[in-house]
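The values are calculated or read from the model by the stated rules, or taken from the named source; none is laboratory data. Please read these numbers as outputs of a predicted model, since none were measured by experiment. FYI the Cβ positions are ideal-geometry reconstructions off the backbone, even for glycines, and counts take in every protein chain you see. Ligands, DNA and RNA are stripped out before the accessible areas are found, and what is left, the full protein with its side chains, is counted by its heavy atoms. Shrake-Rupley method; radii C 1.70, N 1.55, O 1.52, S 1.80 Å.
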Amino acid sequence: MRQKQNHGFQLQSWVLVSNMAKQKSEEDKPKITKTPKNYKDPFKKAPLKLSRISYKGVFDYDHLQLFIKQYFISRKYTFQEKSNKYKKGNPYGKEMEAKTTAERQFNEYFKWHINTYAHYFDLREVEVIKDGVKKKMTKGKFFIEIDGKLETDYQGHFDKSSFTFGIKRFIDNMILFRYERMGGVIWDKLYYEMLRFHNALKKYLDMETADMEAYADA
Amino acid sequence: MVEREILMPQQKLHYEGLFDPKELYKLINMFLRDKWYDMRERDNVKSTTPEGDYIELVLEPWKRLSDYAVSEMIIRVIMENLVDKVVEKDGVKVKLKQGKVTVLFDSFLQTDFENRWSGKPVFFLLKQISDKFIHGDYLTKFKSEAAGDVGHLQELIKSFLNLYRY
């Protein structure tokens, strides 16, 4: 019995040791870094620089948030609220921050990201009579920043080995990037998509500059 | 490194009176579209004050002239003390705004916007030589084109605002 128990113990310890050795050997193996540090992704950012809308006056805070969400959902984006901060205690009013991202797959290789960052200051609730009906609205100021990003190989098909990654790099740098610069299909579409969202926000806020007639067909 | 050359000193345009801000914005947009500029709205501010609305626009339209040069404008439109007014024009009531408008124009020519000729000192030297002695004519042509676009837009806005002098 003792011998059997000893054997069992020895077997267990051997399994443990072998597992440890396996783990060590895996740790010692040089890890394949999927993206080299010095690699410059040509599609890192869309050519549209950050655009910003600032507003000061009376607006409907809840409805504005809902509008942004519904706009992206209606255009078949996956909408995410990354962060939502609420700061209290300012004598001028409440302060809020909201970061959202909307993603849409353009095709099997490209993915659009439209990021918005909204910062609200000095928010106070006020009662407004609109069309003869009393309504609770918010008075304050805010700015919304819109930013875009074009992601390549979002499914990670080319990240499996350094060879496939090299192929991706070749495609990005030599074929697609040049093609994009020459004619511009996907970048431009994202660019105008962002402009359209920018314009929709202006329209919602009843701004005088809400007009996309010139670039409507783009 | 991108080289940005200022093509002309900042141009200013002032106007005070009646006008339609929507039409003004539309005019700028249409002009830029006609001249193949891509629209970039860096900032758009609206605030309501007791004196009237305040609107500020910072537009940065840009156009690729070649693989090497980009024409860029900065148009800053500031509208202050905007108050609603109803005016009769040819027997028809028209809603307009009264207030001050200031439009500031800046024009630039960006060269080597892809940072291809600034990685090494030899490349930079080659770039300078080509800019001065080989492709100088092209650059002067681009500069005159970019500056001409700004002048044209300025004239258009002037004539547009003069329309509202009843």
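Can you give me the ranges of the helices (runs of 4 or more DSSP H) entirely in region A:151-212 with at least 1 residues that are modelled with pLDDT of 80 or more? Break it down stepwise before answering.
Details: elements: A:162-170, A:177-182, A:186-204.
Here the list reads A:162-170, A:186-204.
Can you find a residue in region B:85-99 that is over 20 Å from B:LEU13 (Cβ atoms), surrounded by fewer than 17 Cβ atoms within 10 Å (Cβ to Cβ) and within 12 Å of chain A (Cβ to nearest Cβ)? First the steps, then the outcome.
Step one: filter region B:85-99 for residues over 20 Å from B:LEU13 (Cβ atoms), giving B:85-95.
Checking the rest, the ones that are also surrounded by fewer than 17 Cβ atoms within 10 Å (Cβ to Cβ) come to B:85-95.
Next, only the ones that are within 12 Å of chain A (Cβ to nearest Cβ) stay: B:95.
Yes, region B:85-99 contains at least one residue that is over 20 Å from B:LEU13 (Cβ atoms), surrounded by fewer than 17 Cβ atoms within 10 Å (Cβ to Cβ) and within 12 Å of chain A (Cβ to nearest Cβ).
Could you grab me the full set of residues in region A:63-107 that are closer than 17 Å to A:MET137 by Cα and touching a residue at least 12 places away in the same chain (Cβ under 8 Å)?
A:LEU64, A:GLN65, A:PHE67, A:TYR92, A:GLY93, A:LYS94, A:GLU95, A:MET96
Please go through region B:1-21 and give me each residue that is over 15 Å from B:LEU156 (Cα atoms) and not hydrophobic (A, V, I, L, M, F, W, C), ordered by number. Break it down into steps so the answer makes sense when it comes.
Filtering region B:1-21 down to residues over 15 Å from B:LEU156 (Cα atoms) leaves B:1-10, B:16-18.
B:GLU3, B:ARG4, B:GLU5, B:PRO9, B:GLN10, B:GLU16, B:GLY17, listed by residue number.
I'm trying to understand the selection: among the residues of region A:87-102, which are open to solvent by 30 Å² or more (accessible area, probe 1.4 Å) and modelled with pLDDT of 90 or more? If you could, list the steps in order and put the result at the bottom.
Kept after step one, since they are open to solvent by 30 Å² or more (accessible area, probe 1.4 Å), are these residues of region A:87-102: A:87-92, A:94-95, A:99.
Scanning region A:87-102 gives A:GLU95, A:LYS99.
Would you check which residues across region A:104-121 are open to solvent by 40 Å² or more (accessible area, probe 1.4 Å), part of a strand (DSSP E or B) and either on the phi > 0 side of the Ramachandran plot or not hydroxyl-bearing (Ser, Thr, Tyr) (or both) and list them? Give the steps one after another, and end with the answer.
At the first step, the residues of region A:104-121 found to be open to solvent by 40 Å² or more (accessible area, probe 1.4 Å) are A:104-108, A:115, A:117, A:121.
Add one more test, that the residue is part of a strand (DSSP E or B), and what stays is A:104-105, A:115, A:117, A:121.
Within region A:104-121, A:ARG104, A:GLN105, A:ASN115, A:PHE121 qualify.
Do you know which residues across region B:114-166 are assigned to a helix (DSSP H, G or I), surrounded by 11 or more Cβ atoms within 10 Å (Cβ to Cβ) and of a type in the set (Gly, Ala, Ser)?
B:SER130, B:GLY136, B:SER144, B:ALA146, B:ALA147, B:GLY148, B:GLY151
For region B:12-32, which residues satisfy the criterion of being in contact with a helix residue (DSSP H, G or I) (Cβ under 7 Å, 6 or more places away or on another chain) and either open to solvent by 50 Å² or more (accessible area, probe 1.4 Å) or over 30 Å from B:TYR68 (Cα atoms) (or both)?
Answer for region B:12-32, where residues must be in contact with a helix residue (DSSP H, G or I) (Cβ under 7 Å, 6 or more places away or on another chain) and either open to solvent by 50 Å² or more (accessible area, probe 1.4 Å) or over 30 Å from B:TYR68 (Cα atoms) (or both): B:LEU13, B:TYR15, B:PHE19, B:LEU24.
Mind telling me which of the residues A:LYS82, A:LYS76, A:LYS56 ends up being at pLDDT 90 or above and within 14 Å of chain B (Cβ to nearest Cβ)? Full working, then the answer.
Values: A:LYS82 fails: within 14 Å of chain B (Cβ to nearest Cβ); A:LYS76 fails: within 14 Å of chain B (Cβ to nearest Cβ).
Residue meeting the stated conditions: A:LYS56.
Go through the residues of region A:119-131 one by one and say whether even a single one is within 21 Å of the chain's Cα centre (by Cα) and closer than 17 Å to A:HIS198 by Cα.
Yes.
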